[in-house]
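Notes for the one structure printed next.
Each value in this text was obtained by applying a stated rule to the coordinates, not by laboratory testing. Here the structure is a predicted model, which means the values were calculated and not measured. Positions of Cβ are generated from backbone atoms using ideal geometry, with glycine treated the same way; all protein chains shown enter the neighbour counts.
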Amino acid sequence: MGDSIWIGNIHSNLALQYSNDQFYEKAQFHINNAVPIIEAVGHSIYLGIALLNRANIHIYYERYSEAISDYNQSMELVPESTVPLLHAASLSGIGVALNRQGNYRSAESYLERGLEKAEAINSLEQIRESNKELSILYENTGDWEKSLLSHKAYTAAKDSSFTLEQDAKLADALSKYESDKK
């Protein structure tokens, strides 16, 4: 039907899915299609989300400067009150890029800010990822106590996510059982 915004969003969502499944070449293909389409339409929220997806792919390919640029642009385009998770993920993403570049002081600041925003919206996945990267950062700087504390927080968030996932599966199975029973 030629609906450009949805074509762009489908590409962006496919890029996210392929990235999550670690098929980065396919993710790169789809995000390269998504960004120009969404830019042409001029929808800032969708573009901000696509740029966040592209930044995450840049991290995988160790293109840290490009990742930081995309994270910053995504936060400029999307108000925090509209999509607070985008800001939490972008701040943490910048922290990851800086950590991988060895800029530990700045990385810590961004990771802490991202973690704070993730905790404010109770995003277990983002809390988990921020703590994981903080643990790596503190290990890199030789701060073993903070590394251990961050790793414990990462593990707790990971366990909470797993428990919630299992509870949802159990509730779904129970619902199906009740339906079949009726």
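Computed quantities for the displayed model
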{"item": "The chain: relative contact order in percent, alpha carbon pairs under 8 Å with at least 6 residues between", "result": "12"}
{"item": "The range 1-63: radius of gyration over Cα atoms, expressed as a fraction of 2.2 N^0.38 Å", "result": "1.03"}
{"item": "The chain - mean residue ellipticity at 222 nm from DSSP helices (-39,500 (n - 2.57) per run, n ≥ 4, rounded to 500)", "result": "-29500 deg cm²/dmol"}
{"item": "FRET efficiency for residue 32 and residue 125, using Cβ-Cβ distance with R0 set to 25 Å, rounded to 0.05", "result": "0.50"}
{"item": "Over the range 87-129: Kirkwood hydrodynamic radius from C-alpha pairwise inverse distances, Å", "result": "9.8"}
{"item": "Calculated P(r) of the chain - Cα pairs past 27 Å, %", "result": "35"}
{"item": "Protection proxy ranking of 30-42, 83-95 - average other beta-carbon atoms within 10 Å, highest first", "result": "83-95, 30-42"}
